Amino acid sequence: MEAYLVAIGIIALIYVLLSLGLTLQYGLTGLINFGHVGFFAIGAYTSALLVLNGAPFIVGFAGAALLAGVAAWPIGLVSLRLRDDYFAIVTLGFSEVVRIVLTSERWLTKGVQGIPGIPRLYSGLGGAAGQLATFATILAVTVVAAWMILRIARSPFGRIIEAIRDNEEAVQALGKDPPRFKIQVLVVGAALAGIAGAFYAHYITYIVPEQYIPLVTFYVWMAIIMGGVGRVSGAVIGSVILMVFLEGSRFIRDIVPGISEVDMASVRIGLVGLLLILFIIYRPQGLMGDYTKR
Amino acid sequence: MFYAQLFVNGLFQGLVIGLAALSITLVFGIARFPNAATGDSMTLGAYAALAAHKASGSFIVAGLGAAGATGIVLLLAYWSVFRKLANRSVVALLVASIGIAFVLRAALGVAFGHGQQVFQVPLSRPYLFGGLRILPLDLQMALVALVTLIAVFGLLYLTAIGRQMRAVADNRDLARVSGIRPGRVMIALWLLAGAVAGIAGMMLGMKTIVTPEFGWEMLLPAFTAAILGGIGSPVGAVVAGLILGAMQEVSTPFVGFTYKIAIAFLIMLAVLLVRPRGLFGRVEGVR
């Protein structure tokens, strides 16, 4: 039972990391990133491949953050001139292209077979202790990330990105350069997603392109919409609710017999869709305009 | 000759993309948001067509079933969701349309299972046109697409409701003060956009295998064609779909089969880089 809770805790913290990145990008800056899972995937594959080829974990994680951040840079560069809705479609497209590359470049990623046997963190400590140490590490990283985003939000930089979110033309008129700030925000958020990906790869120990479908992006969106957009606490609470939702649906199968694994996958997708719709209609405060203060 | 064959095959594929793009562009022009549920609406159309075909054995009934079922479901989506968000930002509608897409996919997955389904299409010998091999099925589907296009353009340009739709696309406020009731226009829009997407889905299903996810995969090519054709321009959407289909097929020998969608994405990026607000600078509506 404890092992189960720690396992859920690790996955929940991975989602918190992802949500924090999106909170920075969408909540604070208003960037509609529908391709978050793409940066998550880049991080997972980068760290897995580096570590499998003999690099120490720290290099794997740094590589994951770096490559995910670097990948965000050209995406930002080309798509920042676009209208909100085009930006959303372009980022969604980016994440799908990442998945296609992961599927197609077998020499590197082993395609649909995926990469098995990725080393775990602290495997030397043995099962339970190693898992606990992993949990402690990701918790520490998440706390640092949350603290960093709170600091960013309260800094002059934070005031500018929030001003960009609220009225980009006005910021421009003040002589600031919104695209530069947006790219920085995109890169930082993507790097966070990359780190989350590295944790995921080294925890699950097996990665396949199929894990990086757009649904994951919308899990994160669901988390921040439910938790309250633009708030660090919202990202945390939203991720916890998301975890309850994802894990809880597993128990539905135990209670209601006769639901197959694939049917359950459908039911989950449907519930995500339904929740997105209901929140957009009935709890729009989180999403539109009226951003609550931290 | 090899490339000519690919080009022609691409044109037939492009018809599907073009119809999907037409559905997107109609919604974008009149309801003013990118409808991410278009892909999964196509999936719905394909399953509806499969069911209708199994029941009747007729592809005409299948097409009508696809158009009818998808049109009605999107109309229900409008009544229950999009109408409530009419005065909200584009992003609210976009997120809601993704929600609808997921709900549709889930419902189809539960109802029809996740196995691959195929249309029972009789095998037939391809026609030869000076070395070009063309399947009778492709010609029949081109005919279906043509009939659909004629029906859509006839509706848009020859009927009163079509004129009202174009007026709303052009200038919503002006249309309203001219006594056009937006509610009726929206009902017509969603029935039409749904019917077009449904038929596109049936065509895609006849060319490939039907799974609950297969329509979603068409979303990027369809958006690309809608943007390439100039958002809000029905003719542009169809032409851009044909161009995109041909480009994807002709490039396949160079980049491989799996990178088709990546090509669509790169074309979309290239177009948006030149015209960041879409080819026509702003939403100009259905013309």
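Please report the net charge: other residues with Cβ closer than 11 Å to the Cβ of A:GLN25, K and R +1, D and E -1.
Overall, the nearby charge balance is +2.
Would you list, by chain and number, the lysines whose Cα falls below 21 Å from the Cα of A:LYS110, excluding same-chain residues fewer than 8 positions away?
B:LYS260
Residue by residue, what Karplus-based ³J(HN,Hα) values in Hz, rounded to whole numbers, does region B:108-114 have, using 6.51, -1.76 and 1.60 with θ = phi - 60° and x for Gly and Pro?
Values, residue by residue: 5, x, 5, 6, 10, x, 9 Hz.
Which residues' amide hydrogens lie under 5 Å from the amide hydrogen of A:ALA55, considering only partners 5 or more residues apart or on another chain, with H built in the peptide plane?
none
Let's test the formula: R0 of 41 Å, r as the Cβ-Cβ distance of B:LYS54 and A:PHE251. What FRET efficiency results, to the nearest 0.05?
It comes to 0.65.
Can you tell me which lysines have their Cα less than 27 Å from the Cα of B:LYS54? Leave out same-chain residues fewer than eight positions away.
B:LYS207
Putting +1 on Lys and Arg Cβ atoms and -1 on Asp and Glu Cβ atoms, find which of B:ALA4, A:LEU132, B:GLY236 reaches farthest to the positive end of the dipole of the protein assembly as shown.
Result: B:GLY236, furthest along the dipole toward the positive end.
Among A:PHE245, A:PHE40, what is the fewest-to-most ranking by other Cβ atoms within 10 Å?
A:PHE245, A:PHE40
Mind putting a number on the dipole of the protein assembly as shown about its Cα centre? Charges go on the C-beta only, +1 for Lys and Arg and -1 for Asp and Glu, and I need it in Debye to the nearest 20.
1020
What does the net charge come to around A:LEU77 if you take all other residues with beta carbon closer than 11 Å to its beta carbon, with K and R at +1 and D and E at -1? Before the final figure, lay out each step's value.
Values: positive: A:ARG81, A:ARG180, A:LYS182; negative: none.
Every neighbour counted, the sum reads +3.
For A:ILE207, what residues show an amide H to amide H distance below 5 Å, using hydrogens built from the backbone and excluding near sequence neighbours?
Hits under the 5 Å cutoff: A:ILE115.
Sum up the charges of everything whose Cβ sits under 15 Å from the Cβ of B:PRO136, counting Lys and Arg as +1 and Asp and Glu as -1, but leave B:PRO136 out.
+2
When the dipole is taken about the Cα centre of region B:133-215, and only Lys, Arg (+1) and Asp, Glu (-1) are charged at their Cβ, what size is it in debye, to the nearest 20?
Charge dipole of region B:133-215: 260 debye, to the nearest 20.
Given charges of +1 on the Cβ of Lys and Arg and -1 on the Cβ of Asp and Glu, with all other atoms neutral, how large is the dipole of region A:188-294 about its Cα centre, in debye to the nearest 20?
That gives region A:188-294 a dipole magnitude of about 420 debye.
Taking Cα centroids, how far is region B:1-43 from region A:21-61 in Å?
32
Can you return the lysines within cross-link range of A:LYS182? Criterion is Cα-Cα under 27 Å, with same-chain partners fewer than 8 residues away left out.
The qualifying lysines are A:LYS293.
For the residues A:ASP85, B:ASP170, A:ASP166, A:ASP254, what sequence is obtained by ranking on other C-beta atoms within 10 Å, fewest first?
Details: A:ASP85 21, B:ASP170 17, A:ASP166 12, A:ASP254 8.
In order of increasing Cβ crowding within 10 Å: A:ASP254, A:ASP166, B:ASP170, A:ASP85.
Given the rule -39500 (n - 2.57) for each run of at least 4 DSSP H residues, summed and divided by the residues of chain A, what is its mean residue ellipticity at 222 nm, to the nearest 500 deg cm²/dmol?
Helices in chain A give a 222 nm mean residue ellipticity of -25000 deg cm²/dmol.
Between the alpha-carbon centers of region B:157-199 and region B:115-152, tell me the distance in whole angstrom.
So the separation of the two Cα centres works out to 31 Å.
Which one, A:VAL171, A:ILE269, A:PHE251, projects farthest toward the positive side of the charge dipole computed for chain A from Cβ point charges (K/R +1, D/E -1)?
The residue sitting most towards the positive pole is A:VAL171.
At a 10 Å Cβ-Cβ cut-off, how would you order B:HIS114, A:HIS36, fewest neighbours first?
Numbers: B:HIS114 16, A:HIS36 29.
Result, fewest neighbours first: B:HIS114, A:HIS36.
Of A:TYR4, A:VAL187, A:VAL37, whose Cα points farthest to the positive end of the dipole of chain A (charges on the beta-carbon: +1 Lys, Arg; -1 Asp, Glu; origin at the Cα centre)?
In chain A, that residue is A:VAL187.
Suppose R0 equals 22 Å. What FRET efficiency, 1/(1 + (r/R0)^6) with r the Cβ-Cβ distance, do A:VAL144 and A:VAL59 give to the nearest 0.05?
0.70
So how far apart, in nm, are the two label points at A:VAL112 and B:PHE129 if each is 7 Å from Cα heading toward Cβ?
3.4
Restricting things to alpha carbons, find the Rg to Rh ratio for chain A using the Kirkwood radius for Rh.
That ratio is 0.97, to two decimals.
Laboratory data are not the source of any read-out in this text; all were calculated from the coordinates shown. None of the values given here were measured: they were computed from a predicted structure. No Cβ is skipped: glycine too gets one built from the backbone with ideal geometry, and neighbour counts run over all protein chains shown.
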